[in-house]
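Notes follow the structure.
Any read-out appearing in this document is the output of simple, stated calculations on the displayed coordinates, not a laboratory observation. Keep in mind it's a predicted model, so treat the numbers as computed, not measured. Because the Cβ atoms are built from the backbone with ideal geometry, glycine has one as well, and the counts that use them run over all protein chains shown.
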Amino acid sequence: MVLYPENMITTPEGTPVRQVRPKTEGWSQKKDAEGRPLLQFASPKRGKPPLHLADLTPDERIAKVKELGLPGFRANQLEKHYFTHYTHDPAAMTDLPAESREEFVHGMLPPLLTEVRRLETDRGDTIKFLWKLHDGALVESVLMRYPGRITLCVSSQAGCGMNCPFCATGQAGLTRNMSAGEIIEQIVRANRLIADGGLGGKKRDDHSADRVSNIVFMGMGEPLANYARVMQAVRVMVDKDHGLGMSARGITVSTVGLVPAIKKLADENIPVTFALSLHAPDDHLRNELIPVNSRWKVDEALDAAREYFDKTGRRVSIEYALIKDMNDHGWRADLLADKLNERGRGWVHVNPIPLNPTPGSIWTASEVSVQNEFVRRLNDAGIPTTLRDTRGKEIDGACGQLVATEADIADAAVTPAEL
Ligand code: SF4
């Protein structure tokens, strides 16, 4: 492929077309010793968050309860309060012995998230939360009501070490991994709000349960870079006796392509929905767009995704943010279709994600006709493809937009610990 100056490129048919190259706007990517975008896989050493019920297996909970001087069956009572009634309030737990209740509850359910700010859409059906963690790190989650389901987009890391040039979250690098307790607490707090009637937009004929039914790991962080804690959180989400009892199918774990971790996930025997954030079918572009591509190439990531399907029987999602003149070319849709079809039929679907129109930015939405053409080409090649809803974008809650602004940080500094 010949690269022209002036951001032009030739298609495989030899036609020159505009090619916008990925680059950061208003910030600089940290680089490694070889001058490539720095990738951070290890969490910097910071004080760990307090140990929480949700960090422990059911047996470990019983052991911890005994350590606190109570019989093991109290663990089960506490699980009910927390996972079914979404409460941390000792006053509401009248079945626990009054004399030690406060201390016991605090020991098992230490405060993890302080709400700093809440933004909601006019209809009240989408809410973005900004949370402060025990060490002051800020993370976000976004709650969305759809007909028949309620989805929560959760964060799995404070910051992110994957350094994608389009992503607000990656700018400051990885602050630290979140604990399973901190991940689960985002769901429990959302469920509490829903139970209190705080999420609007419910239609009269919607008889679905009033609690979070779907989780997407598309908030801050790369979930597979925080593998053990994310998996502990997923186990708690699906555990019917000792956790939230959610359906694994409603949980989407997405990744930019950490191949060894995808393989590990496929062996877990928990049939979560797996999403690969691909955004480009060719290494040439993807190396710049998704820096981790320098470690694991497009073909390796797609092979791992196909392996996930083979082992779990769960159809894989390919996420593809359509960016004007960068990755939205018709020939890239064809190349993507070829690469997916090479690996068989019926194992994958593609979700192109329209970006926000951002005047003056290279990170802007494709023309509608170009989006439609991209989708048409994939569908015509036999790849089920649907444009994804980008709910939340009006409150900056869409993927890649989750970052604490300076105003958020200032708010956090003056917010009293209200837990
Ligand atoms: S797009 Fe995802 S993986 Fe990339 S920096 Fe942002 S949060 Fe991390």
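Helix 298-312 versus the longest principal axis of the chain: what angle, 0 to 90°, nearest 10, using Cα atoms?
On a 0 to 90 degree scale, this one is about 50.
Suppose only helical runs count, i.e. DSSP H with n ≥ 4. What mean residue ellipticity at 222 nm does that imply for the chain under -39500 (n - 2.57) per run, divided by all residues and rounded to the nearest 500 deg cm²/dmol? Numbers along the way, then the final one.
Numbers: 11 runs with 118 residues, N = 419.
Dividing the helical sum by the residues of the chain leaves -8500 deg cm²/dmol.
For K132, list the aspartates and glutamates whose Cα falls under 16 Å from its own Cα; do not include residues on the same chain fewer than 8 positions away.
E115, E140, E182, E185, E406, D408, D411, E418
When we measure straight from the Cα of K311, which aspartates and glutamates land under 13 angstrom away, once same-chain ones fewer than 8 places off are left out?
D267, E268, D303
Longer than 28 Å from Cα to Cα, which of K240/K264; K45/K324; K66/K263 are they? Say none if no pair is. Show your work: numbers first, answer last.
Working: K240/K264 23 Å; K45/K324 39 Å; K66/K263 37 Å.
The answer is K45/K324; K66/K263.
Quick one: compute the contact order of the chain, relative version, from alpha carbon pairs under 8 angstrom and 6+ residues apart, as a percent. Write out the running numbers ahead of the final one.
Working: 800 pairs, mean separation 64.9, N = 419.
15 percent.
In 10 Å bins starting at 0, how do the alpha-carbon pair distances of the range 53-108 split up by percent?
In whole percents, the pair-distance histogram is 26, 63, 11.
Using a simple spin-label model with points 7 Å from Cα along the Cα→Cβ vector, what separation in nm is obtained for N269 and A91?
Rounded to a tenth, the inter-label distance reads 4.5 nm.
Rounded, prolate or oblate, given the Cα gyration tensor of the chain, with a/c below 1.5 counting as rounded?
Working: a/c = 1.89, a/b = 1.78, b/c = 1.06.
Prolate.
Test of understanding: what is the full-extension gain from T15 to R123, defined as 0.36 nm times their sequence separation minus their Cα-Cα distance?
Working it through step by step, the gained length comes to 34.2 nm.
Any chance you could give the angle, 0 to 90 degrees and rounded to 10, that helix 180-195 forms with the longest Cα principal axis of the chain?
Once rounded, the angle reads 80 degrees.
Using the alpha-carbon atoms, what tilt in degrees (0 to 90, nearest 10) does helix 368-380 show relative to the longest principal axis of the chain?
90
The range 228-321: which GluC sites (Glu not before Pro) are DSSP loop and have at most 16 other beta-carbon atoms within 10 angstrom?
Details: sites: E268, E288, E300, E307, E319; in loops: E268.
Those satisfying the criteria are E268.
Treating only the Cβ atoms of Lys and Arg (+1) and Asp and Glu (-1) as charged, compute the dipole magnitude of the range 12-67 about its Cα centre; round to the nearest 20 debye. Write out the running numbers ahead of the final one.
Working: 12 positive and 8 negative charges, 55 e Å.
Rounded to the nearest 20 debye, it is 260 debye.
Looking only at the range 221-261, which residues have a backbone nitrogen under 14 Å from a spot 7 Å from the Cα of R388 in the C-beta direction?
Once the point is set 7 Å along Cα→Cβ of R388, 221-223, 251-257 turn out to lie under 14 Å by backbone N, inside the range 221-261.
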